[in-house]
Amino acid sequence: MHIRCLISNMRGHCGTSVYTRHTGRTWLGEGYLRSGLIAILLAGLPGVFIGFAQQDSLYQQTVFEIQKEIEAGNLDDARRLIAAAEAKYPHDGGLENLLGVIEIQQGHSAEAAQDFSKAIRHNPRLVSAYMNLARIEMQTAATDPKVRSDALSRSLKVTQLDPHNDEAYYQLASLYLWDKQYQLSLNQLEKLSQAAQKQVGALALFCADRAALNQRDATTTAAGALAVNPDLTEADANTCLPELQRARRADLIELLYSHLQAPSVYALRILGLAQEANGKLKDARTTLEKAFSKSKNSVVILEDLARIARTQKDNDGALGYIAHARDLAPNDAQLPYEFAAVCLQMRLFGEARKALGDALRLAPDDPDYNLAMGLVVSYSSDPSQAIPYLKRFLDLKPNDPEGLLAMGTANFRAKDYDTARQWLKHATENPKTAADAHYYLGRIELQMGNLNEATAELDKSLTLHPQQADTLSQLGQISLQERDFKRASARFEEALRLDPDNYTANFGLLQVYARTSDPRREKQSQRFDQIKDMKEEQDRQMMRMIQIRRSSDADPKNQSKSETPRPDQPKPNGEPQ
């Protein structure tokens, strides 16, 4: 390891500012140890002379010559000087400490650690040896509890020997942070000198500790000071990221990462996700597009972009991102599943079915994929084809309420009402599916002409899930058949208040106006024609296979599972499509 990769801006016994910044493990899984000067490792040399300063000026001169050679990069010459000096001064901690510095300079960390350990044994008060060994340990302490414990002991020892050692307090604060002992970490930071507390590494730790301790205002202050610090780096932002995430401070994450001068792809993604969490969808999409432009094979960023596009109701854009991701990762079954979810939102059932078929070819035993395929196929011209997928789902997840409901609705659409009743009755036993199960049981009774039983089932559904336009529309149809036009009109109008484009409610209200010679009939007829035209267009789109333009600049990852259509729209006569 090059010496300049160790520590920066330190204050040794000579009085200059001492400071090492460690950030440990980040979301990227990287460990950092900040760059520094040879002088850091050589700091504390006055301690070497304890016991010799008054009686052996030759020893002091030897040490200075060795130090001079190290600083000049003449490491072989420095080794020869140490070897000669050790013959005269055996088991000398100061010389062993210098040898460790050379080993570090030549990239021999293990050998350096052995030399620093010897130096401590032979000179237990040599602060620089403790610090040099602790610096090596800090490189892995974030992820290794044993090493972290050793580094903690050495840093505590330094504070006993040198109560004003800022670097030791900083290391202790980092170690306690990694141990999630946030108050102890904060206590160490408060022991830093005023100048050291203002340095960027300390500000990052202050921000992390205060976020973890739920000190909201203090966290905001610390993050603000960190963001405007000219020395801010991505590693500093990463130091406080986990605690800011746990504290749900997307505002401060956006603040920090937006101030980075040359953000990596990782940092850009973090910024984009923070902007998304803050509701800045346009900014988030722009940021993530920039991240993808720097990493054109990133499926995860493409999925992020698809999720944001869906939130913006740009389903075409979402499909483009996911299609691109599928090109990059053709064996990832989740991607065609996500593609199908968007198609369902757009009522493109034909394309959704094709995509789900791709997902099932890659993962035939995934229960979610089987359930989704069963639901989609149940809307086809032959709903009975859905049954094998739904049976497979129930084999994988026995008695799952969603599977029971799906089996009931699939048989309902296939007009096998007796079988549908059996499944739906099981589904009424679970609060998650009871409302929908009663709805479909009501639909079955209505088809069979059992108006009282239909009303009872639909009322149960409406009690469990009030203000459901589909349920109100079906109740309106019953009132219409009973020639209770006033009640039917009230049901249809309430349904249209909830869903102005509801097909059944618009047609039912037109029927009421026609049978009562209501002057609003003409206007409602025009409105129903609009709804019918919209539905015919949806039906055309539902069956077409859309062609996705696979843009080389598209992008997605992190989306929810399937979205399936709610109850099917009935035809004017009340029959399901």
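No lab work stands behind these numbers, since they all come straight from the coordinates. Bear in mind the structure is a predicted one, so any value in this text is a computation, not a measurement. Don't worry about glycine lacking a Cβ; one is built from the backbone with ideal geometry, like all the others, and counts go over all protein chains shown.
For the residue pair Lys425 and Asp56, what label-to-label distance in nm results when each label sits 7 Å from Cα along the Cα-to-beta-carbon direction?
9.9 nm
What does the net charge come to around Glu69 if you take all other residues with beta carbon closer than 14 Å to its beta carbon, with K and R at +1 and D and E at -1? Walk me through the numbers before you get to the answer.
Values: positive: Lys68, Arg79, Arg80; negative: Glu65, Glu71, Asp76, Asp77.
For residues surrounding Glu69, the net value is -1.
Which of the lysines could a cross-linker bridge to Lys425, judged by Cα under 19 Å and excluding same-chain residues fewer than eight apart?
Candidates past the 8-residue exclusion: Lys391, Lys397, Lys415, Lys460.
Past the 24 Å Cα-Cα mark, which pairs from Lys68/Lys146; Lys68/Lys118; Lys68/Lys88? Before the final figure, lay out the partial values.
Values: Lys68/Lys146 36 Å; Lys68/Lys118 22 Å; Lys68/Lys88 20 Å.
Pairs exceeding the cut-off: Lys68/Lys146.
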